[in-house]
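Everything below concerns the one structure shown next.
Read-outs throughout are calculated quantities, based only on the coordinates presented, and are distinct from any laboratory measurement. Bear in mind the structure is a predicted one, so any value in this text is a computation, not a measurement. Positions of Cβ are backbone-derived with ideal geometry, glycine not excepted, and every protein chain shown enters the neighbour counts.
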Amino acid sequence: LGTLYINNQSAATENIMKNSPEIATILYTTDLGGQTRPVFRHALGIANHYDANILMLHVVEPMSEGAKAVVSSYLSKEFTEEIQKDAMKEVLETMKRRLKKFYQDEDDTGNPSRVKEALVVSGKPSEEILRVAEEENVDMIIMGKSTRKVRGVRVMGSTARRVSRMSTVPVLIVPNF
């Protein structure tokens, strides 16, 4: 019986490994806040374990309607739109440089980088994360949990909640505190 148990256990373990998910591409999302390094380290560890690539994503929210109204009350509509377009272009380029510096500072293993691309887009964060995940055919999304508190209790942010509810691929939400 002992030998049979060991053989069955080995067969079971082998069967589990055959049926375990393939993870080739991980979408790591970040707001580049002060507590993002532990989340990135989780993404890097999982990518190393699965020999997967990481696609980094930062979403810049566009100017709110209220802010647009204030600016447009002082400037013409055309000039306001031109300023917004130029400012957003500059913000996206700046954030892309920050994102690249961040992963280069963190991914110091001496091995080829797991980060294959760093994207910075504009839009509503949850929508953009889900859109990029689908377009890039990722196998997993890794993101941080909000660090804000409500009545002294840490709560998950709305972006993490929406992404975890709407995603068609596994989502790993890592505490970032």
Residue 135 versus residue 122, label points 7 Å from Cα toward the beta carbon: distance in nm? 1.4
Of the peptides 90-102, 36-48, how do they stack up when ordered by the mean number of other Cβ atoms within 10 Å, highest first? 36-48, 90-102
Mind listing the phi-derived Karplus ³J(HN,Hα) values for segment 31-45, rounded to whole Hz, using 6.51, -1.76 and 1.60 with θ = phi - 60°, and x for any glycine or proline? 9, 6, x, x, 10, 8, 4, x, 5, 4, 5, 5, 4, 5, x
Quick one: which residues, 5+ away or cross-chain, put their amide H under 5 Å from the amide H of residue 141? H built at 1.01 Å from N. 27, 171, 172
Phi-based couplings in Hz for segment 88-94 (Karplus 6.51, -1.76, 1.60; Gly and Pro marked x): 5, 4, 5, 4, 4, 5, 4
